[in-house]
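Trainee: Once you've had a glance at the structure underneath, I'll fire off some questions.
The values are calculated or read from the model by the stated rules, or taken from the named source; none is laboratory data. Since this is a predicted model, take the numbers as computed values, not measurements. Glycine gets a Cβ as well: all are built from the backbone with ideal geometry, and neighbour counts include every protein chain shown. Keep in mind that these areas ignore ligands, DNA and RNA; they rest on the heavy atoms of the full protein, side chains included. Shrake-Rupley method; radii C 1.70, N 1.55, O 1.52, S 1.80 Å.
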Amino acid sequence: MPKVHPFQVVPALPEALQGLRSLAFNLRWSWDHDAIECFRRLDRKLWEDCNHNPVRMLGTINQEQLREASQDEAFLSQLDRVLRTLDTYMASKNTWYLHRYGETAAANTSIAYFSMEFGLHECLPIYSGGLGVLSGDHMKSSSDLGLPLVGVGLLYQQGYFRQYLNADGWQQERYPENDFYNMPIQPVLTADGERLRVSVEFPGRTVWIQVWRIQVGRVPLYLLDTNISPNNSADQNITDQLYGGDVEMRLKQEIVLGIGGIRALDAMGIAPTMCHMNEGHSAFMALERARMLMAKHSVDYAVAREATAAGNLFTSHTPVPAGFDVFKRELLKTYFGEYIVPLGLSFDEFLALGRINRNDASEEFNMAIFALRHAHHCNGVSKLHGHVTRKMVQAGFPGFPLDEVPVTHVTNGIHTRSFISKDMADLLDRYLGGRWSHALSESNVWDKIDHIPDEELWRVRERRRDRLVVYARQHLKTQYERRGMSDYEVRQAQDVLSPNALTIGFARRFATYKRASLLLTDPERLKRLLNDPQRPVQILLAGKAHPRDDGGKELIRQIVQFARQEDVRARIVFLEDYDLSVARYLVQGVDIWLNTPRRPMEASGTSGMKVLANGGLNVSIPDGWWDEGYRPTTGWSIGRGEEYADPSYQDHVEAMALYDILEKEVVPLFYDRSGEGLPRGWVGRMKSSMKALCPVFNTHRMVAEYAETFYMPASARAAELRDSDLHDASELVDWKQRMHQNWPEVEIRSVTSSSSEIGSTEIISSPNETLAVGNLLRVTAIIRLGNIQPSDVAVQAYHGPLDSNHEVTQGVSAPMSLVGSSDGVHRYEGEISCFTSGLQGFSVRVLPYHRQAELPHELNLITWE
């Protein structure tokens, strides 16, 4: 091959249109309808052909069109208005974060958010599904709220696959290459104008990483790319595909993301006070943070891990242990055998950090456990998922009740502005006021939904449903032509669906547990629903199965085969190649969003949240977010959260329940019209849903919750450990070692109790099995601590109702105070208030205590009576 000298060609924009370039390279345009309209106005067809990519569009559009636009006063006026809005947004100090924490906190805080994928917009296909879209929405709301946050991810040459179906309806994959130079992304340059590169060590070689930047409103997203020389061809392929390749490729990607990501931030002078691992893929970043701290302060790994873990957060999105990445000993030995030598860890010590049971050599290295061991904060992504996650990791916290396993939850949300239609946004502007999108989490703002006349709200719903139908017909026609179907079938695509029929949407990753074919359980009953001449129903489905998931592919095939039957083909449509563009049409146009996961397999789910502000309603299994969001006035629940031992029986029961809900509740309510043709009952439920759910299930609320619960407290605690020149971290490590060494000496020798009325000092009786509501139970414990000081422990009476196994449930702890000591034996006393009747119980326990320790996350020691 001849030597090639690369050069880049950029659009030749007239002087009057130069602002289009800065507009195109800040992703804020993706949630600003006026900015999108500015690009669309240049050439509506080209905008669609370029997949809504303004950079590609500006490089493709005819120069004569640009010249005409540069002389169009109306266009220039719109462009000027959009640019002024962007400038005001970027410069504004009127943000939630600055109001809440002030400029000093902003100057001293830096949050790094790591994720394997980011779903920002369809023109940046570096995402696969919900995890990536959640990451993208996290970035957007961080920008809107003004957080000092940066994102870190991988830049995939091919990204996730594009989907098409063969004649039989079986999913096929293709992997078109991304053209980074025609995307809203730019290389990061050094002070010398060279492209920034960092490196990671692989077995026998160095892998180089180029750093790119996407500007997402006020916050930057840095993406790592190995497809450069001098890397060999295999290493160039590391960042080719999202979730492609084998287990070794996954390990390589996670090394690049975690270790390479921290090195990239360091090379740019970014020293995060807080690192957020969105799933366990980036957990190796914790290892690199510790290594860098060791080199800087000459401390050992234990101290460095203590100091950095204080500023690490791990968020799990996985509802089953099989969803976590695990690696075998031999593979890790190849890639980390040399890396860990400067850390002072033996290889077995390193492996133990990724095992629930540190001493079980048969247990594989688990990235979630490794993340958990290097982060003093962990959360699930819904209330139910927090409970599920605690059950998954409870074995790592022996002796602790399930509710005290240190995993909390922050329920996911969506970036409302990215998914609401322009029609609905304009309507909300008129009746809720222009600041509604800045005050998304304020219920009083959404209460104004009641001010919107039913006629106007319903008119927007009908308009968006009509647009969805037009879009679906064109999309179906294109996919039929691409599939090589007959002219007759292509012509039929123009007749599918009705703009007036009740429209149900189902779109998500086609994993088998999501049960996309649940509606097909009774085909004849479904057909009666679809073909009711007075009250027809239509269904649009979309989604991709993982390339190696034949079960998911079979679900797609079954749906496509059913949809081809002559008596339903006009009522059920599968849209190929699901992406963010398809998603927006669906969530803006459907009346019902259907979700049928097998509970409790849905960690959160966010697709159903996207219909809320668009006036859509949910029919869902009460799993993930819907377990929190459902109420009778806002949508429908398929069952009441029952869980079954037999999956087949569960599928049957819930399929029948779904048919009943549609036949007896959903369809009648939709078609119950007033004299003016309005479904007032339906519109009333739309308003109830919007008022109750929109202020909760959005990423503005979610990101603010992350900031208040984790980012700011953790940054402050990590800074406290660093500011002492790591003395506090070193002291904390020593304290933990002393606790481990001496804890076997802790012994609860005796416990006694007596009762009295609340407010009285008189003892009523000796302890017995029956106490009256309003009594106090006074507890006394004699405890031997040995070489441990009383100041290093907390003694508690743990009490609550007893279940059928005489175990405390819904337990709470009452502190007990030291009242006397002699020769290492101590007397503690406390009180339990008896406020409710029923069978109750208590037990005394001793836990370690240190003001700077997050317990039991950092030190899971406990001694019970």
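Trainee: I'd like to check something: does segment 140-162 contain any residue that is surrounded by 14 or more Cβ atoms within 10 Å (Cβ to Cβ), more than 30 Å from residue 484 (Cα to Cα) and in contact with an Asp or Glu (Cβ under 6 Å, 6 or more places away or on another chain)?
Mentor: yes
Trainee: Still on this structure, please answer the following. Please enumerate the residues belonging to segment 814-833 that are of a type outside the set (Asp, Glu), closer than 16 Å to residue 753 by Cβ and surrounded by fewer than 19 Cβ atoms within 10 Å (Cβ to Cβ).
Mentor: Within segment 814-833, 814, 815, 817, 819, 827, 833 qualify.
Trainee: Could you give every pair whose Cβ atoms fall below 7 Å, whose first residue belongs to segment 784-807 and is basic (Lys, Arg), and whose second residue is in a strand (DSSP E or B), counting only separations of at least 6 or pairs across chains?
Mentor: 784/747; 784/749; 784/825
Trainee: Another question, if that's okay. Here are some residues: 262, 340. Which one is of a type in the set (Val, Ile, Thr), crowded, with 23+ Cβ neighbours inside 10 Å, under 23 Å from residue 209 (Cα atoms) and out of contact with any His (no Cβ under 6 Å at 6 or more places or on another chain)?
Mentor: That would be 262, the only listed residue that is of a type in the set (Val, Ile, Thr), crowded, with 23+ Cβ neighbours inside 10 Å, under 23 Å from residue 209 (Cα atoms) and out of contact with any His (no Cβ under 6 Å at 6 or more places or on another chain).
Trainee: Please list, ordered by residue number, the helices (runs of 4 or more DSSP H) wholly in segment 517-599 having 3 or more residues that are of a type outside the set (S, T, N, Q) and free of Cβ contacts under 8 Å to residues at least 60 places away in the same chain. It would help to see each step written out before you state the result.
Mentor: Working: elements: 523-530, 550-563, 580-589.
Helices (runs of 4 or more DSSP H) meeting the threshold: 523-530, 550-563.
Trainee: Within the bounds of segment 127-135, is there any residue that is open to solvent by less than 20 Å² (accessible area, probe 1.4 Å), closer than 27 Å to residue 269 by Cβ and of a type outside the set (A, V, I, L, M)?
Mentor: Yes, some residue in segment 127-135 is open to solvent by less than 20 Å² (accessible area, probe 1.4 Å), closer than 27 Å to residue 269 by Cβ and of a type outside the set (A, V, I, L, M).
Trainee: If you don't mind, there's one more thing I want to ask. Output the qualifying pairs, or none if there are none: Cβ atoms under 7 angstrom, residues six or more apart or on different chains, first residue in segment 808-822 and more than 16 Å from residue 839 (Cβ to Cβ) and in a loop (DSSP other than H, G, I, E, B), second residue hydrophobic (A, V, I, L, M, F, W, C) and open to solvent by 40 Å² or more (accessible area, probe 1.4 Å).
Mentor: Matching pairs, first to second residue: none at all.
Residues are listed down the side, and each one gets a yes or a no for (1) buried (at least 18 other Cβ atoms within 10 Å of the Cβ); (2) touching a residue at least 12 places away in the same chain (Cβ under 8 Å); (3) at negative phi:
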residue: 189; (1), (2), (3): no, no, yes
residue: 195; (1), (2), (3): no, yes, yes
residue: 203; (1), (2), (3): no, yes, yes
residue: 210; (1), (2), (3): yes, yes, yes
residue: 213; (1), (2), (3): yes, yes, yes
residue: 216; (1), (2), (3): yes, yes, yes
residue: 224; (1), (2), (3): yes, yes, yes
residue: 231; (1), (2), (3): yes, yes, yes
residue: 236; (1), (2), (3): yes, no, yes
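Trainee: Which one is nearest to residue 587 (Cα to Cα) among residues in segment 433-478 that are open to solvent by less than 60 Å² (accessible area, probe 1.4 Å), assigned to a helix (DSSP H, G or I) and touching a Phe, Trp or Tyr at 6+ places or on another chain (Cβ under 7 Å)?
Mentor: Ranking the qualifying residues of segment 433-478, first place goes to 468.
Trainee: Can we say residue 682 is over 30 Å from residue 533 (Cβ atoms), aromatic (Phe, Trp, Tyr) and open to solvent by less than 60 Å² (accessible area, probe 1.4 Å)?
Mentor: Judged against the criteria, residue 682 is not a match.
Trainee: Let me ask something else about it. I'm trying to understand the selection: among the residues of segment 79-91, which are touching a residue at least 12 places away in the same chain (Cβ under 8 Å) and either of a type in the set (Gly, Ala, Ser) or open to solvent by 10 Å² or more (accessible area, probe 1.4 Å) (or both)?
Mentor: The answer is 80, 81, 83, 85, 86, 89, 90.
Trainee: Being open to solvent by 20 Å² or more (accessible area, probe 1.4 Å) and either on the phi < 0 side of the Ramachandran plot or not aliphatic (A, V, I, L, M) (or both), is that true of even one residue in segment 589-597?
Mentor: The answer is no; no qualifying residue exists.
Trainee: Quick one: how many residues across segment 367-376 are in contact with a strand residue (DSSP E or B) (Cβ under 8 Å, 6 or more places away or on another chain) and either within 10 Å of residue 396 (Cβ to Cβ) or open to solvent by 50 Å² or more (accessible area, probe 1.4 Å) (or both)? Show your work before the answer.
Mentor: Here is the first cut: in segment 367-376, the residues in contact with a strand residue (DSSP E or B) (Cβ under 8 Å, 6 or more places away or on another chain) are 367-368, 371-372, 374-376.
Remaining after also requiring either within 10 Å of residue 396 (Cβ to Cβ) or open to solvent by 50 Å² or more (accessible area, probe 1.4 Å) (or both): 372.
Residues meeting the conditions: 1.
Trainee: Any idea which of (1) of a type outside the set (Phe, Trp, Tyr); (2) closer than 27 Å to residue 602 by Cβ; (3) free of Cβ contacts under 8 Å to residues at least 40 places away in the same chain; (4) crowded, with 20+ Cβ neighbours inside 10 Å is the one residue 351 doesn't satisfy?
Mentor: So residue 351 meets the others, but not (2).
Trainee: Still on this structure, I have one more. For residue 796, are the conditions met, namely being polar (S, T, N, Q), buried (at least 19 other Cβ atoms within 10 Å of the Cβ) and modelled with pLDDT of 90 or more? Spell out the reasoning first.
Mentor: On the way: polar (S, T, N, Q): yes; buried (at least 19 other Cβ atoms within 10 Å of the Cβ): yes; modelled with pLDDT of 90 or more: yes.
Here the answer is yes, as residue 796 does meet what is asked.
Trainee: Taking the conditions exactly as written (surrounded by fewer than 19 Cβ atoms within 10 Å (Cβ to Cβ) and either at pLDDT below 95 or at positive phi (or both)), does residue 320 satisfy them or not? Talk me through it step by step, then tell me what you get.
Mentor: Values: surrounded by fewer than 19 Cβ atoms within 10 Å (Cβ to Cβ): yes; either at pLDDT below 95 or at positive phi (or both): yes.
So residue 320 passes the test.
Trainee: OK, next. Looking only at segment 632-676, filter to residues that are open to solvent by less than 30 Å² (accessible area, probe 1.4 Å) and assigned to a loop (DSSP other than H, G, I, E, B); which one of those is nearest to residue 537 (Cα to Cα)?
Mentor: Looking at the filtered set, the residue picked out is 638.
Trainee: Residues to consider are 391, 383; find the one that is among the charged types (D, E, K, R), modelled with pLDDT of 95 or more and within 26 Å of residue 812 (Cβ to Cβ). Spell out how you get there, then give the answer.
Mentor: Numbers: 391 fails: modelled with pLDDT of 95 or more.
Being among the charged types (D, E, K, R), modelled with pLDDT of 95 or more and within 26 Å of residue 812 (Cβ to Cβ) holds for just one of 391, 383, which is 383.
Trainee: Given (1) under 29 Å from residue 576 (Cα atoms); (2) at pLDDT 95 or above; (3) not in a loop (DSSP other than H, G, I, E, B), identify the lone condition not met by residue 184.
Mentor: Here residue 184 clears every test but (3).
Trainee: In addition: Would you check if residue 176 is assigned to a loop (DSSP other than H, G, I, E, B) and more than 22 Å from residue 115 (Cβ to Cβ)?
Mentor: In short, yes.
Trainee: Would you pick out the residues in segment 480-503 that are crowded, with 18+ Cβ neighbours inside 10 Å, under 28 Å from residue 617 (Cβ atoms) and touching an Asp or Glu at 6+ places or on another chain (Cβ under 8 Å)?
Mentor: 502, 503
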